[in-house]
1. Give me A:138, A:104 sorted ascending by neighbouring Cβ count inside 10 Å, so fewest comes first.
2. How would you classify chain A from its alpha-carbon gyration tensor, with a ≥ b ≥ c the square roots of the eigenvalues: rounded for a/c under 1.5, else prolate if a/b is greater than b/c, otherwise oblate?
3. Given C-alpha coordinates of the stretch B:20-93, what is the ratio Rg to Rh with the Kirkwood estimate of Rh?
4. Express in whole angstrom the spacing between the alpha-carbon centres of the stretch B:19-62 and the stretch A:1-28.
5. Modelling each spin label as a point 7 Å along the Cα-to-Cβ direction, I'd like the residue B:112/residue A:107 distance in nm, to one decimal.
6. Rounded to the nearest 500 deg cm²/dmol, what is the calculated helix-only ellipticity per residue at 222 nm for the protein assembly as shown, with -39500 (n - 2.57) per DSSP H run of length n ≥ 4?
7. Hey, with R₀ at 25 Å, roughly what FRET efficiency would residue A:3 and residue A:137 work out to, going by the Cβ-Cβ distance, to 0.05?
8. Sort A:163-171, A:246-254 for me by packing, meaning the mean count of neighbouring Cβ atoms within 10 Å per residue, highest on top.
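Computed from the coordinates by the stated procedures, all read-outs in this text should not be read as laboratory data. As the structure is a prediction and not an experimental result, all values here were calculated from the model. Neighbour counts run over all protein chains shown; Cβ positions are idealised from the backbone, glycine included.
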């Protein structure tokens, strides 16, 4: 039977990808960031050993256009490409999917009234790509686990509520629990933390709120799920509202979780965080 | 229950929430920017940006905001940052230059407000 072996929250800032590709791991400005992810990467490699990761992310106007923008979309393919989002493709290998497991998730989610857009092709941008090489080592040709991309619209309002994202996570948990084969599943919610890239308020950041979020997502997810979109954008910045994607991850975890590792760094315009959780024993 | 309205007044200072009203207004801008996902398109834009903008039916006001590299104006006219970052990358502008412009300050003075300005 499939089971969830790790829940991760992670930012998806494009500059991290650039720093990674330019080998800035020891650059003084970037070293804290890469060192901050390292314990999580080791834990995932040595202890968690996931077979597949469901990664919750948003597209940034790369693969999906506003002519028909999906609210929720799920990859159901056996492979996914790296996208060119305006400055060339990142030098990362393409991703192997798990179509059979994806189809099971799709069947369960639709039966559970989550009407996903289902995708046989999905090119993945920094919303998906940023966290992957920070969490898992890859070779020139591949990754050590399969992926299932799950997209949430957070760029064109109306976006789903925090509560809806939390419920989607709970539905995912039911779907994962009902997959009969042995499968170790990691789930990653990406985005945030606080940042604003829009208007005169560009550069707004709220480190105190970020620290509270890292704690409350563990102990008070129900209360966080009650937060309105506007209140999230006021506290975390207009683009920081995307933290609702962490609630998909949290909804898929047990009521009681244990923190494995936490790291926070706010060098420029985003509160960058990684939070590793496991279900309480 | 929250009140449901068709056009929400977000009332967040210095913020242009990209909702369906702005999305409709800026559709031509974002559609053009969306096309800049291949090197061939970026080269074509750089070779004749006026023809490229005309092909996508931008209004004169929208074209002028792009000629002026006026990112705040472009935002107010419905340009979505995630789309116009592709235009910015084509033109050689980075996110933090755009941000400093939108705040109405120089790149250098904006960077002084950051904890680790080297993390770019």
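1. The order, fewest Cβ neighbours first, is A:138, A:104.
2. rounded
3. Rg divided by Rh gives 0.92.
4. Here the two parts' Cα centres lie 32 Å apart.
5. It is 6.3 nm.
6. The per-residue figure over the protein assembly as shown is -11000 deg cm²/dmol.
7. After rounding to 0.05, the efficiency reads 0.60.
8. A:246-254, A:163-171
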